[in-house]
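Participant: First, the structure itself, so that you have it in front of you.
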Amino acid sequence: MITRSRFIVALGLAILLVTSAGCTDSLNAGPLSYVDNDALTHELKGKANLAGKPALQAKVRAALARIFGESPQRIRVPENSGFPSGGLSLANFRQVGEGESARIEPIYHQLPDGRPDPNHRQTGGYGLYRRNCLHCHGVSGAGDGPTAAFLFPPPRDFRKGIYKFTSTPSGARPHRDDLTRTIRDGLSGTSMPAFDALMTPSEIQQAVDYVIFLSMRGETELALIEEGSISDENDTEALGEEILKELTAGVFDRWKSAQTQVMNPTIPRTKSDHESVIRGRDLFLGRTKEKLECAGCHGALAKGDGPSFVPVDVFNMVVFGGDPSTRPERVDALDETLKTLWNQKPDDWGNPLRPANLVKGVFKGGRRPIDIFWRIAKGINGAQMPAHYPTLNEAQIWDLVNFVLALPYDPDLLASPPPMPRPKLAEAGASR
Ligand code: HEC
Ligand code: HEC
């Protein structure tokens, strides 16, 4: 049997952080427990799971507790996880020493010169998350807090490590600045609020760290479940130390490498004159040799109603036309063609998905030209919007950016020549 202390030495020395109940803050009162990933205990169609493998389930829970701490109040910062300042931003207390000599010390904000500021106690990522984010994103970051059931789109599940609004290559983890922007500015047009008025820049960084911590924990849990699903329940060697080290190193490395992979354009934005906007429009409509599919998803009028997705009224009927738990029944009631279309187009978290209405000029990931550049160049992770670099060169992407940003102010851009009107719902249901 591997003792806990030996295991930690094997991984390198972990820091134990303790998050107090923060007596002055009633929201922080009382301990919380992490919630298992469903795939740990349930049979999930088409997904790796450990249903019926209690010994491996116990190993996964024990490994997560040893690597990340057994509860949100007792955080272990694994060596090599790459958190700035060793992860001290995650909590408000830390344990110094082990066993008999262990004592608990408060953590202070840092002065500009790096020394702790004795007048300024830190709330820590966990405390901030608990107060501001947990009711939507949930204790384990599964996007399942008590408010989540009432929201569409639903809050992000952090446990896959997939983020939509990033500046890094398609499929890569986000840069810290991407998460900072999301938390500071919110995601326009969704219920994800902007926190710039509620949190200081330092606190936003603490929240960023805690989001990354929950992602790393969730990604490790998923990796262990996948490994366990191809392991024998009775194999005492299964999910041993070596494989754990390898899996966690993989998780940490993906986060670390993303921090040096921001895809900044190498040429400045093309001047947004009429010619550039029209070149962008023709790219959008698939009139160039690249034959882009933008309009297939976003629609010929860019209203988010392209034929690759179910029509807006069908979407609204399924998503908003009753209790969310009875959604499958509303999908079942669709005709076969619509049902196929519907089932092809969930996002990577299994939620219903709609392309953006680009005429409104509301962009979740920000409306700066560089934001739109990143969305088009590297796509939107988890949401079917594909990367267009290097299919398109940077100048072409800037033309598209100029078109997208001009469209809300110039609806006639797509009005001539008049595009094909989309069939009404009844006809669509009958004919497709
Ligand atoms: C009222 C509910 C709500 C609260 C409170 C909330 N969020 Fe969100 N959050 C959302 C929703 C909804 C989305 C997903 C929107 C989408 O996918 O279009 C989201 C998405 C995110 C994302 C993913 C961005 C991406 O690129 O994919 C991050 C990171 C995030 N939230 C962090 C936080 C943090 C940190 C807090 C607390 C400081 C917080 N959220 C509070 C609802 C909320
Ligand atoms: C396969 C379908 C598909 C294609 C092709 C596609 N998109 Fe998208 N696009 C989407 C979806 C879905 C969303 C909404 C994602 C979300 O809200 O999470 C989106 C969102 C967007 C956004 C909004 C980003 C934001 O911050 O809210 C822009 C801008 C955009 N697409 C532009 C384009 C352009 C320009 C093209 C062609 C070069 C294109 N899209 C091609 C599916 C697609």
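All of the numbers you see were taken from the coordinates with simple rules; none came from a lab. Note that the structure is a prediction, hence the values are computed from the model and not measured. Quick reminder, even Gly has a Cβ in these numbers, built from the backbone with ideal geometry, and neighbours come from all protein chains shown.
Participant: How far, in nm, would the chain grow between Asp235 and Phe320 when pulled straight, counting 0.36 nm per residue and subtracting the alpha carbon separation? All intermediate terms of the calculation are to be shown ahead of the outcome.
Facilitator: Details: separation 85, 0.36 × 85 = 30.60 nm, distance 4.76 nm.
Once the chain is fully extended between Asp235 and Phe320, it gains 25.8 nm.
Participant: If a/c stays under 1.5 just call it rounded; otherwise compare a/b with b/c (prolate if a/b is bigger, oblate if not). Do that for the chain, with a ≥ b ≥ c from the square roots of the Cα gyration tensor eigenvalues.
Facilitator: Details: a/c = 2.09, a/b = 1.58, b/c = 1.32.
Here the chain falls in the prolate category.
Participant: Specify the residue with the greatest mean-square fluctuation among Arg103, Arg61, Arg181, computed from a Gaussian network of the chain linking alpha-carbon atoms under 10 Å apart.
Facilitator: Most flexible of the set in this elastic network: Arg103.
Participant: By how many degrees, between 0 and 90 and to the nearest 10, does the Cα long axis of helix 274-284 differ from the longest principal axis of the chain?
Facilitator: Helix 274-284 sits at roughly 80 degrees to that axis.
Participant: Continuing with the same structure: Which pairs in the list Lys303/Lys339; Lys164/Lys256; Lys289/Lys360; Lys160/Lys303; Lys160/Lys378; Lys245/Lys378 are over 25 Å apart, alpha-carbon to alpha-carbon? Working shown, then result.
Facilitator: Values: Lys303/Lys339 22 Å; Lys164/Lys256 18 Å; Lys289/Lys360 28 Å; Lys160/Lys303 30 Å; Lys160/Lys378 19 Å; Lys245/Lys378 31 Å.
Violating the 25 Å limit, Cα to Cα: Lys289/Lys360; Lys160/Lys303; Lys245/Lys378.
Participant: I've got another one for you. Do you know the relative contact order of the chain, to the nearest whole percent, from alpha carbon pairs under 8 angstrom that are 6+ apart? List each step's numbers first, then the result.
Facilitator: On the way: 657 pairs, mean separation 62.5, N = 432.
Averaging sequence separation for qualifying contacts and normalising by length gives 14 percent for the chain.
Participant: Any chance you could check the Cα centroid distance between the stretch 46-73 and the stretch 301-353 for me, in angstrom?
Facilitator: Centre-to-centre distance over Cα atoms comes out at 34 Å.
Participant: Please compute the length gained on full extension between Thr260 and Thr180, using 0.36 nm multiplied by the number of residues separating them and subtracting their Cα-Cα distance. Don't skip to the end; give the middle numbers.
Facilitator: Details: separation 80, 0.36 × 80 = 28.80 nm, distance 1.59 nm.
Here the segment from Thr260 to Thr180 would lengthen by 27.2 nm.
Participant: Please report Met216, Met317 as a ranked list, fewest other C-beta atoms within 10 angstrom at the top and most at the bottom. List each step's numbers first, then the result.
Facilitator: On the way: Met216 25, Met317 16.
Fewest-to-most Cβ neighbours within 10 Å comes out as Met317, Met216.
Participant: Kindly state, to the nearest 0.05, the FRET efficiency for Lys45 paired with Asp253, given R0 = 41 Å and r defined as their beta-carbon distance.
Facilitator: 0.85
Participant: Rounded if a/c is under 1.5, else prolate if a/b beats b/c, else oblate: with a ≥ b ≥ c from the C-alpha gyration tensor eigenvalues square-rooted, which is the stretch 4-258? Don't skip to the answer; put the middle values down first.
Facilitator: Numbers: a/c = 1.64, a/b = 1.20, b/c = 1.37.
It comes out oblate by the Cα gyration axes.
Participant: Between Lys291 and Gln95, with labels modelled 7 Å along Cα→Cβ, what's the label distance in nm to one decimal, could you check?
Facilitator: Placing both labels 7 Å beyond Cα along the Cβ direction yields 6.2 nm.
Participant: Relative to the present Cα-Cα distance, how much length would full extension add between Asn351 and Ala194 at 0.36 nm per residue of separation? Mind showing how you got there, number by number?
Facilitator: Numbers: separation 157, 0.36 × 157 = 56.52 nm, distance 2.29 nm.
Gain in length upon complete extension: 54.2 nm.
Participant: In terms of modelled amide H atoms, which long-range or inter-chain residues lie less than 5 Å from the amide H of Tyr108?
Facilitator: Correct list: Gln122.
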